[in-house]
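The values are calculated or read from the model by the stated rules, or taken from the named source; none is laboratory data. All values reported here derive from a predicted model rather than from experimental measurement. Here the Cβ is made from the backbone with ideal geometry for all residues, glycine too, and neighbour counts use every protein chain on show. Side chains are part of the model used for accessible areas, which takes the heavy atoms of the whole protein and leaves out ligands, DNA and RNA. Shrake-Rupley method; radii C 1.70, N 1.55, O 1.52, S 1.80 Å.
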Amino acid sequence: MRSRRGLAEAAGRWSATHRWTAVLVWLAFVVVATLLGSMAETKSPSAAQLANGEARQAEEILDRAGLTLPAHEVVLVQDPDGTVDSERFRAAVEDTVKALNGTGRTANVVSPLDPAGPAAVSADRHSALVQFDLAKGGPKAKDEVEPVLDAVAGVAKAHQGIRVEQFGDASFQHAYDAKLHTDYSNAETLSFPVTLGILFIAFGAAVAAVVPVLLAATVVTAAGGLVVLASQLVPIDQNGSSVMSLIGIAVGVDYSLFYLKRVREERARGRGTEAAVIAAAATSGRSVLVSGLTVIVALAGLYLSGNGIFLGMATATITVVAVAVVGSLTVLPALLSLLGHRIDKGRIPLRRRSAGSAAPAAGRVRTPLVDRVLRRPALWLSVCTAVLGALLVPALGLNTSDSGVGDLPADSLPALQTYQRIQQAFPGAGSPAKVVIKADGLSGTEGRAALERLRAAADSTPGLRGPVTFHAGADGTVGVATVALDGNGTDRASAAALATLRDTVVPTAFGALRGAEIAVGGTTAVSEDGRTHLSDSTPWVAGFVLLFTFGVMLFSFRSIVLAGLTLVLNLLSVGAAFGLIVLVFQNGWGEGLLGFTATGGIASWVPLFLFVFLFGLSMDYHVFVVSRIRENRDRGLSTVEAVADGVRGTAGAVTGAAVVMVAVAAVFGALPQLSMKESGVGMSVAVLLDATLVRIVLLPAALVLLGDRSWFLPRALSWIPVGGGHGDTAPESSERPAAPGRTAEEALV
């Protein structure tokens, strides 16, 4: 029986019969999207959008008042062999002050040799800080800092043997952004040849390998332009853009691979090119549509996080997945129809097969493991579940942390080495908290008395350090005081100092200031409040993803059992991946191999990110395999036969897609940024587990044990339309339905 024509088949049929029109329209879309994107700049999240809780409140008060703090910087002058009292040390300090004033881009330069500067001399007197502000503050300060960095570098060159190095938010962000841009660009560039090589081996033909890479490249290019436009509504940071490229390459290649494999299979059965493309549109095209919808729904769960980074990631990745789905359903059928038999040009000689051997295979792979699983499904289900369960156990001890500037290894960026030296000589110098106050009486006697109490507390309270600086807005009703905290800004010492400041010092200092609105922000506050917020929002995000994934599978395959099984399998694979991440990164098992230093936790944003992305991306393989099984079932095969044929028929495509996904994620996992290592390695491990243990062992074993119950749909849900998403069998299929009711052993013969 042939189900009604769906969207995927209709799009594929139109593209296959209007080939040049489809190709030209796609190219025009890519060009227009790219040009529109080039006419604007990507809008990054503001400080308030990147923060949560009280830290966001502090930034919002400053934004409403139009109060921008000066970009504060320091120059470390350090002489291991001398002290600040030596002539050459003093000469280096004086030349530094002179060079800073000479740039025309600095203000409030304070020398440690001035009467106001003694606090900027280390206890051992081998180090001193020249403090200054950049003339321009705010997020654009990093773009104005390079001439100042050059001036400081000139002083360092003139004073050999004395260390003269600059550090501050603006200078660090300048170096950090440049480093990430270079690393991400290299990773993206490397991903394409790696993917091409894998596909060349998988398909055994150069043209067949190039087509998915070309589609992925155009998808990422077009989505890049659209993301720039989308950022005007939902700001997107550099991490969001880079993750977009990773996901775009992976899903673009996966969807093309599924489609191309099915076209080759249909041609091996004797169909002409156009008929094969249309058959692939009705089957693999439908799988791509359902999979893409599921991925998009999962990614949409990130909007519930309320975090600026996740909002940007969700927008960027939803855009690229949507573009990949559209390209796979439109231009890909047109290309395959245009190429015809030329898709097999450039074959690897050793892999050349005879025409006679291709047809009977019909794209199926003999998989001994699947044969064993279907013979003893209960045993394999138990063993595999136990293995994944054991891997999941360490995930129960998952801790989150924020490595801050330590997200990059110190040897990867000179600015980080400077930061470490400043921390050693001046503990707490790099992690000030911001006490933001809004009160009518701030500029009056009460306000001045409150500030004096804060200064006194900073000098006498363990964990806090003076001096306290204060900046007020133009009307005198809003101000911000900075207080240095112990620790590196994101460790336990800093968190404890922040709690003391918030719970004890600030209430005592400003409690008598009538009508005051007070919020404590800064690096440590953003880290701690962000972790708390993500912890609170994670159940909502996870619940959304689980609920809507269940709904998509239910409506796509009309089986409540299959929808529930999907959730169980995905949770097992994601949980096992989390367990391995904890062992490798939190417990430090992979320090030597992967080149990082364990922090005792996982970056606070990584678990939620991985849960959503892995849950969505695992649906690529799941939908593809289940669609083929359901297609076989609709043809009249028994459940055992449908599973056996479906897994064999998709094994090659799933393996190839998984290898591509693992390779692309591993390229990003090789980046020096610790959080990206955690994400890349986590995705690689999860995809590997999902495509092997879950899709080749657990899924077929569970379906065989469930038998016909796999397709159970309660009578109350019988209104779900038939053919709405599952089993769009290939038009005019030439395969003969097998008799139902055969045993697993008979089905394997």
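For segment 556-569, the set of residues classified as part of a helix (DSSP H, G or I) and either modelled with pLDDT of 90 or more or hydroxyl-bearing (S, T, Y) (or both) consists of S556, I560, V561, L562, A563, G564, L565, T566, L567, V568, L569, listed by residue number.
So in segment 338-347, with the set limited to residues that are open to solvent by less than 40 Å² (accessible area, probe 1.4 Å) and either more than 16 Å from K261 (Cβ to Cβ) or outside any helix (DSSP H, G or I) (or both), which one is modelled with the lowest pLDDT? Per the stated criteria, the residue is G340. Would you mind finding the one in R90, R56 that is buried (at least 22 other Cβ atoms within 10 Å of the Cβ) and either modelled with pLDDT of 90 or more or among the polar types (S, T, N, Q) (or both)? The conditions single out R56. Being touching a helix residue (DSSP H, G or I) at 6+ places or on another chain (Cβ under 9 Å), open to solvent by 50 Å² or more (accessible area, probe 1.4 Å), closer than 20 Å to V75 by Cβ and not aliphatic (A, V, I, L, M) is a property that E146 has. The combined condition, being more than 25 Å from F712 (Cβ to Cβ) and open to solvent by 40 Å² or more (accessible area, probe 1.4 Å), is not fulfilled by L571.
Checked against the criteria, E41 counts as charged (D, E, K, R) and part of a loop (DSSP other than H, G, I, E, B). Number of residues in segment 119-151 that are farther than 15 Å from Y419 by Cβ and in a helix (DSSP H, G or I): the value is 12. Looking at segment 123-137, which of the residues that are within 18 Å of G82 (Cβ to Cβ) and surrounded by fewer than 20 Cβ atoms within 10 Å (Cβ to Cβ) is modelled with the lowest pLDDT? If we take residues in segment 123-137 being within 18 Å of G82 (Cβ to Cβ) and surrounded by fewer than 20 Cβ atoms within 10 Å (Cβ to Cβ), then A123 is modelled with the lowest pLDDT. When each of L513, L454 is tested for being part of a loop (DSSP other than H, G, I, E, B) and either at pLDDT 90 or above or over 30 Å from G601 (Cβ atoms) (or both), the lone residue that passes is L513.
Among the residues making up segment 272-288, those that are part of a helix (DSSP H, G or I) and surrounded by fewer than 24 Cβ atoms within 10 Å (Cβ to Cβ) are T273, E274, A275. Restricting V505, V483 to residues that are closer than 12 Å to A433 by Cβ, in a helix (DSSP H, G or I), in contact (Cβ under 8 Å) with a residue 24 or more places away in the chain and open to solvent by less than 20 Å² (accessible area, probe 1.4 Å) narrows the list to V505. Every condition in (1) among the aliphatic types (A, V, I, L, M); (2) out of contact with any Lys or Arg (no Cβ under 6 Å at 6 or more places or on another chain); (3) modelled with pLDDT of 85 or more; (4) open to solvent by 10 Å² or more (accessible area, probe 1.4 Å) is met by A358 except one, and the failing one is (3).
In this structure, is D708 at pLDDT 85 or above, surrounded by fewer than 24 Cβ atoms within 10 Å (Cβ to Cβ) and not hydrophobic (A, V, I, L, M, F, W, C)? Against the criterion (at pLDDT 85 or above, surrounded by fewer than 24 Cβ atoms within 10 Å (Cβ to Cβ) and not hydrophobic (A, V, I, L, M, F, W, C)), D708 qualifies. Counting only residues that are open to solvent by less than 30 Å² (accessible area, probe 1.4 Å) and more than 29 Å from the chain's Cα centre (by Cα), segment 486-497 holds 1 of them.
Screening A577 against (1) open to solvent by less than 10 Å² (accessible area, probe 1.4 Å); (2) under 17 Å from L398 (Cα atoms); (3) over 19 Å from the mean Cα position of the chain (by Cα); (4) at pLDDT 90 or above leaves a single unmet condition, (3).
Okay, residues lined up against (1) under 21 Å from V606 (Cα atoms); (2) in contact (Cβ under 8 Å) with a residue 60 or more places away in the chain; (3) in a helix (DSSP H, G or I); (4) open to solvent by less than 10 Å² (accessible area, probe 1.4 Å):
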site: D177; (1), (2), (3), (4): yes, yes, yes, no
site: S191; (1), (2), (3), (4): no, yes, yes, yes
site: I198; (1), (2), (3), (4): no, yes, yes, no
site: A202; (1), (2), (3), (4): no, yes, yes, no
site: V210; (1), (2), (3), (4): no, no, yes, no
site: G240; (1), (2), (3), (4): yes, yes, yes, yes
site: V243; (1), (2), (3), (4): yes, yes, yes, yes
site: I249; (1), (2), (3), (4): yes, yes, yes, yes
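Among the residues of segment 300-322, the ones that are open to solvent by less than 10 Å² (accessible area, probe 1.4 Å) and under 30 Å from I278 (Cα atoms) come to 3 in all.
Number of residues in segment 149-167 that are surrounded by 14 or more Cβ atoms within 10 Å (Cβ to Cβ) and among the acidic types (D, E): the value is 1.
Of note, V370 does not satisfy the criterion of being surrounded by 15 or more Cβ atoms within 10 Å (Cβ to Cβ), assigned to a helix (DSSP H, G or I), within 36 Å of the chain's Cα centre (by Cα) and modelled with pLDDT of 90 or more. T538 satisfies every condition listed in (1) β-branched (V, I, T); (2) over 23 Å from the mean Cα position of the chain (by Cα); (3) surrounded by fewer than 22 Cβ atoms within 10 Å (Cβ to Cβ) except (2).
A single entry from G406, G430, G441 fulfils the requirement of being modelled with pLDDT under 80, not hydrophobic (A, V, I, L, M, F, W, C) and not in a helix (DSSP H, G or I): G430. Remark: pairs (first residue in segment 60-80, within 30 Å of D95 (Cα to Cα); second residue among the β-branched types (V, I, T) and open to solvent by 20 Å² or more (accessible area, probe 1.4 Å); Cβ separation under 7 Å; 6+ apart in sequence or on different chains) are absent.
It is to be established whether one or more residues within segment 466-475 are of a type outside the set (S, T, Y), over 19 Å from A65 (Cβ atoms), touching a residue at least 24 places away in the same chain (Cβ under 8 Å) and surrounded by 22 or more Cβ atoms within 10 Å (Cβ to Cβ). Within segment 466-475, none of the residues are of a type outside the set (S, T, Y), over 19 Å from A65 (Cβ atoms), touching a residue at least 24 places away in the same chain (Cβ under 8 Å) and surrounded by 22 or more Cβ atoms within 10 Å (Cβ to Cβ).
In segment 254-282, the residue that is farthest from the chain's Cα centre (by Cα) out of those that are closer than 16 Å to S337 by Cβ and of a type in the set (S, T, Y) is T273. Residues that are within 24 Å of T195 (Cβ to Cβ) and open to solvent by less than 10 Å² (accessible area, probe 1.4 Å) number at least 3 in the following helices (runs of 4 or more DSSP H) confined to segment 584-698: 606-634, 639-669, 674-689. For segment 548-566, indicate whether the set of residues that are open to solvent by 50 Å² or more (accessible area, probe 1.4 Å) and without any contact (Cβ under 8 Å) to a residue 12 or more places away in the chain is non-empty. Checking segment 548-566: not a single residue is open to solvent by 50 Å² or more (accessible area, probe 1.4 Å) and without any contact (Cβ under 8 Å) to a residue 12 or more places away in the chain.
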